[in-house]
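The values are calculated or read from the model by the stated rules, or taken from the named source; none is laboratory data. Nothing here was measured: the structure is a model prediction, and the numbers come from that model. Heads up, the Cβs are rebuilt from the backbone with ideal geometry, glycines too, and the neighbour counts pull from every protein chain shown. Just so you know, the surface numbers come from the protein's heavy atoms only, side chains and all, with ligands and any DNA or RNA stripped out. Shrake-Rupley method; radii C 1.70, N 1.55, O 1.52, S 1.80 Å.
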Amino acid sequence: MSTPLVLIVGRPNVGKSTLFNRLTHSTQAIVDDVSGVTRDRIYGDVEWNGKYFRVIDTGGYVPNSEDLFEKAIREQIEIAMDECDAILFVVDGRTGLTPTDTEVTDILRRSNKPSYVLVNKCDTPEFTSTAADFYSLGLDHVYDISALNGRNLGNLLDDLMNHLSFADDVDFESRLRLAIIGKPNVGKSSLVNSLLGYDRTIVTNIPGTTRDSIDSVLKYHGEEVVLVDTAGLRKKTKVKENIEFFSNVRTYKALWSCDVAILLLDSHLGVEHQDQKIIDEAVRRRKGLILAVNKWDLIEKETNTAKQYSDAILHKIGAIDYVPIIFISALTKQRIFKLIEMAKTIHEERHKKVPTNQLNEILLPEIERTPPPSSPTGKEVKIKYITQVGDHYPIFIFFANEPKFIPDHYKRFLEKTIRRHFGFEGVPMTLSFKNK
């Protein structure tokens with residue numbers, strides 16, 4: 001049995017994202033006084049009385065609009081209605097009933113899903129009477145609530161849980177999490193849509209369309225893989241709206257919480273300064289990393305085009321030469337599922353443990369042949385023992401008589417030696433040096 005999905009809908013600026021953040025105990029949905037901030041569907045986990053369900057935040061529903069984004073948002077909501085098990089219809093108790101609320105109600109009736117009218121912004125009991133108008137919509141469940149301070153949400157959740165069916169065990173931590181990151185307009189949303197087989201995120205030719213980080217679950221050969229399609233990163237000098245600032249922060253948060261990051265590059269641009277910053281952050285956070293060169297179908301190719309392109313990338317990223325490079329097309333789906341296989345392999349590599357005896361048998365003779373330079377006093381520096389620790393990424397501890405005198409270039413030599421013998425492709429590692 002799958003985890004229940006609950007959809008939040010309503011016209012713009014009624015407090016849908018505030019409700020989402022309250023239910024999920026997060027700040028995942030961007031909240032701003034500007035209407036229309038939420039453009040895509042955002043998923044989050046909600047726990048109530050020991051049971052879990054997923055809630056979906058959506059953009060404001062604007063019927064019959066010809067605006068490009070509003071049309072796309074309307075399509076998104078209609079898709080989400082097909083996915084969900086129940087609907088939370090948020091209205092504004094301060095403004096009162098509007099014609100748009102009536103139109104949305106008609107759509108909810110056609111969906112045949114359990115629907116709950118949440119009359120928001122009723123911060124105190126004095127506002128309860130304002131909810132009376134909304135009974136005229138003809139929906140069975142009407143609640144006067146405050147998403148901001150949580151008023152009456154407990155009663156709503158108690159009733160909602162009675163209408164949902166739950167799996168016995170839910171483990172949110174076991175699934176591989178892939179963060180799809182990169183600059184605006186490199187094709188992140190297109191890649192997610194191609195992997196899933198349907199339009200999960202809004203795709204237009206306008207850079208910065210995706211403002212929120214969005215989780216999708218990909219069923220891949222019986223396994224669940226979580227895809228995080230993030231807002232395109234802009235240089236800080238170009239971030240002029242508060243919304244853009246929060247999107248940048250959220251993109252980094254998605255990187256911090258993932259297992260493997262897929263950095264999408266535009267084949268016409270290669271690795272630029274902003275891409276290098278993302279690579280550095282992924283390495284600093286010790287995340288698995290793949291460089292995926294998108295729009296490869298648009299490049300004119302000769303015999304060694306891919307190799308020359310890879311060599312140019314590796315030259316630019318310098319010491320981070322253990323990161324795999326794959327050439328894909330989100331549009332034609334070229335190699336996109338090989339990307340998932342690579343991510344799974346890297347995820348396994350992050351958790352691989354090399355036995356201590358094997359480490360010492362193989363590495364110590366190499367170190368003896370190429371020892372570290374002597375200390376400034378002329379004393380010989382000796383590495384005597386090596387072991388691996390760390391549950392979430394590989395950490396190798398080297399015990400030596402003078403660890404503080406081991407220079408950086410020799411540490412890089414040791415890392416390359418470990419990789420040559422034991423792999424760890426796409427996996428940053430930590431080397432620690434201690435007194436024996």
>> Name the single residue that is surrounded by the fewest Cβ atoms within 10 Å (Cβ to Cβ) among those in the stretch 286-324 being farther than 17 Å from Glu415 by Cα and among the basic types (Lys, Arg).
In response: Lys307
>> For the stretch 95-120, which positions are assigned to a helix (DSSP H, G or I), under 14 Å from Gly10 (Cβ atoms) and in contact with a strand residue (DSSP E or B) (Cβ under 8 Å, 6 or more places away or on another chain)?
In response: Asp101, Val104, Thr105, Leu108
> Which of the residues that make up the stretch 375-400 are over 21 Å from Lys287 (Cβ atoms), open to solvent by less than 70 Å² (accessible area, probe 1.4 Å) and of a type in the set (Ser, Thr, Tyr)?
Replying inline: Ser375, Thr387
> Within the stretch 417-430, which residues are farther than 17 Å from Leu289 by Cβ and surrounded by fewer than 17 Cβ atoms within 10 Å (Cβ to Cβ)?
Replying inline: Thr417, Arg420, His421
> Can Ala131 be described as among the small types (Gly, Ala, Ser), in contact (Cβ under 8 Å) with a residue 60 or more places away in the chain and open to solvent by less than 20 Å² (accessible area, probe 1.4 Å)?
Replying inline: no
> Of all residues in the stretch 364-378, which are of a type outside the set (Ser, Thr, Tyr) and at pLDDT 90 or above?
Replying inline: Leu364, Pro365, Glu366, Ile367, Glu368, Arg369, Pro371, Pro372, Pro373
> Can you spot a residue in the stretch 132-145 that is in contact with a Gly (Cβ under 9 Å, 6 or more places away or on another chain), within 15 Å of Leu19 (Cβ to Cβ) and at pLDDT 90 or above?
Replying inline: yes
> Is there a residue being in a loop (DSSP other than H, G, I, E, B), at pLDDT 80 or above and open to solvent by 20 Å² or more (accessible area, probe 1.4 Å) anywhere in the stretch 50-65?
Replying inline: yes
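Yes or no, residue by residue, for (1) part of a loop (DSSP other than H, G, I, E, B); (2) out of contact with any helix residue (DSSP H, G or I) (no Cβ under 7 Å at 6 or more places or on another chain):
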position	(1), (2)
Cys122	yes, no
Ser129	no, yes
Tyr135	no, yes
Leu139	yes, no
Gly154	no, yes
Met161	no, yes
Ala179	no, no
Val192	no, yes
